[in-house]
Amino acid sequence: MSKVMTAEEAVGRLSSGMTIGIGGWGSRRKPMALVRALLRSDLTDLTVVSYGGPDVGLLAAAGKIRKLVAAFATLDSIPLEPHFTAARQRGEFELVELDEAMVMWGLTAAAHRLPFMPIRAGLGSDVMRVNPHLRTVTSPYEDGEELVAVPALRMDAVLVHLNRADPHGNAQYLGPDPYFDDLFCQAADAAYVSCERIVDTADLLKDAGPQTLLVKRPFVTGVVETPNGAHFTSCAPDHDRDEPFQRAYAQAAREPEAWRAFTERFLSGDEDAYQAAVAAFHESHGEEEAR
């Protein structure tokens with residue numbers, strides 16, 4: 001059965017107040033076309049789970065986040081995501097800040113339908129102090145070790161971006177790192193996978209090994225073909241991070257008038273309009289560098 005749909009159809013299945021997971025890592029292989037579709041919707045009051053990047057920044061700037069569960073929010077080459085930083089300083093959403101490993105094991109617990117996972121990550125650190133709701137458990141065996149009981153990060157829906165997918169929901173990464181997109185999909189009630197290109201199932205293994213088939217169709221609700229859909233984050237080997245555009249994004253975030261102009265230029269239309277505006281940006285940027 002084909003699970004192919006548009007970004008608008010995928011976002012149309014979401015509701016305000018949901019817990020939404022977003023895959024990728026920092027400014028790498030983020031499902032930005034789906035995030036932009038989410039920006040165009042009237043959804044709000046969201047709990048977002050993410051290894052945060054511009055997905056978190058854009059949603060924070062739009063006032064759509066009620067609660068954020070994250071280990072960080074970064075643009076990688078720019079250490080701190082500027083919209084996240086500003087919104088957090090203004091206290092615009094609740095933040096549950098976890099260790100990177102805590103997020104991973106929280107996703108793993110949810111994927112296995114467990115209430116928590118006993119881990120060592122976080123012990124002896126301030127993560128336990130800033131999250132007083134976290135509990136510890138004692139090993140029932142002879143060692144009697146005290147461990148953190150990291151709670152399951154169960155989500156209503158997740159958005160991830162992969163390099164390739166077939167119409168049935170099998171999805172493939174071709175870059176250097178799988179991140180945790182498979183865990184996100186398994187830990188949610190519904191998963192929407194965008195990809196650079198939809199191909200036949202047999203074509204998924206033509207240029208890569210079976211270990212690259214990261215996401216399996218039983219865990220996928222919808223597939224969206226979005227060429228350049230991770231922009232401006234990287235999606236190797238299809239495209240690198242768009243550093244000039246990312247710098248323009250970060251600079252615009254520092255001043256309200258500049259951000260309004262950025263939003264009007266790049267985020268006021270649909271995805272085709274966004275991609276056309278990006279192409280025009282690079283054309284003008286190239287002319288400026290030539291001068």
*Give the calculated FRET efficiency between residue 101 and residue 208 to the nearest 0.05, with a Förster radius of 30 Å applied to their Cβ-Cβ distance.*
0.60
_Taking amide H atoms as placed 1.01 Å from N in the peptide plane, list the residues 5 or more away in sequence, or in a different chain, whose amide H sits under 5 Å from that of residue 80._
75
*asked:* Residues of segment 72-89 with backbone nitrogen within less than 18 Å of a virtual label 7 Å along the Cα-to-Cβ line of residue 258, please, listed as ranges.
replied: 75-87
*Which order do the peptides 63-75, 113-125, 167-179, 187-199 take when ranked by the mean count of other beta-carbon atoms within 10 Å per residue, highest first?*
187-199, 63-75, 167-179, 113-125
*So how much slack lies between residue 85 and residue 2, counting 0.36 nm per residue of separation and subtracting their Cα-Cα distance, in nm?*
25.8 nm
*Positive minus negative residues near residue 256 (Lys, Arg vs Asp, Glu; Cβ under 14 Å)*: 0
_Tell me the net charge near residue 189. Cut-off is 12 Å between Cβ atoms, residue 189 excluded, with +1 for each Lys or Arg and -1 for each Asp or Glu._
+2
*Once segment 239-291 is represented by equal point scatterers at the alpha-carbon sites, with solvent omitted, what log10 I(q)/I(0) does the Debye formula produce at q = 0.24 Å⁻¹?*
-1.05
_Per-selection Rg to Rh, segment 75-140 - Cα, Kirkwood hydrodynamic radius_ = 1.04
_Neighbourhood net charge (15 Å Cβ-Cβ; Lys/Arg +1, Asp/Glu -1) for residue 175_ = -2
*asked:* Could you tell me the center-to-center distance, by alpha carbons, between segment 224-291 and segment 9-83 in angstrom?
replied: 17
*Using only Cα atoms, tell me the angle between helix 243-252 and the longest principal axis of the chain; keep it within 0 to 90° and round to the nearest 10.*
80
*Over 25 Å, how big is the tail of the calculated P(r) for segment 39-158, in percent of all Cα pairs?*
29
*Considering only DSSP beta bridges whose two residues both sit in the chain, what percent are antiparallel, to the nearest 5?*
30
*In degrees, nearest 10, range 0 to 90: what is the angle between the Cα axis of helix 256-266 and the longest Cα principal axis of the chain?*
70
*asked:* Checking the cross-link filter: which aspartates and glutamates have an alpha carbon closer than 15 Å to that of residue 67, excluding same-chain neighbours under 8 positions apart?
replied: 45, 55, 92, 94, 97, 156
*Calculated P(r) of segment 163-282 - Cα pairs past 23 Å, %*: 40
*Could you order peptides 84-91, 147-154 by the average number of other Cβ atoms within 10 Å of their residues, highest first?*
147-154, 84-91
*asked:* Give the lysines reachable from residue 3 as a straight Cα distance under 29 Å; neighbours fewer than 8 places away on the same chain don't count.
replied: 30, 64, 206, 216
*Compute the acute angle (0 to 90°) between the alpha-carbon long axis of helix 271-290 and the principal axis of greatest extent of the alpha-carbon atoms of the chain; round to the nearest 10°.*
70
*With each label point set 7 Å from Cα along the Cα-Cβ vector, what nm distance links residue 40 and residue 143?*
5.2
*What percent of all Cα-Cα pairs in the chain falls in each 5 Å bin, counting up from 0?*
1, 6, 12, 16, 18, 16, 12, 9, 5, 3, 1, 0, 0, 0, 0
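FYI, it's all coordinate maths here, none of it is from the lab. None of the values given here were measured: they were computed from a predicted structure. Cβ coordinates were reconstructed from backbone atoms using ideal geometry, including for glycine residues, and neighbour counts include every protein chain displayed.
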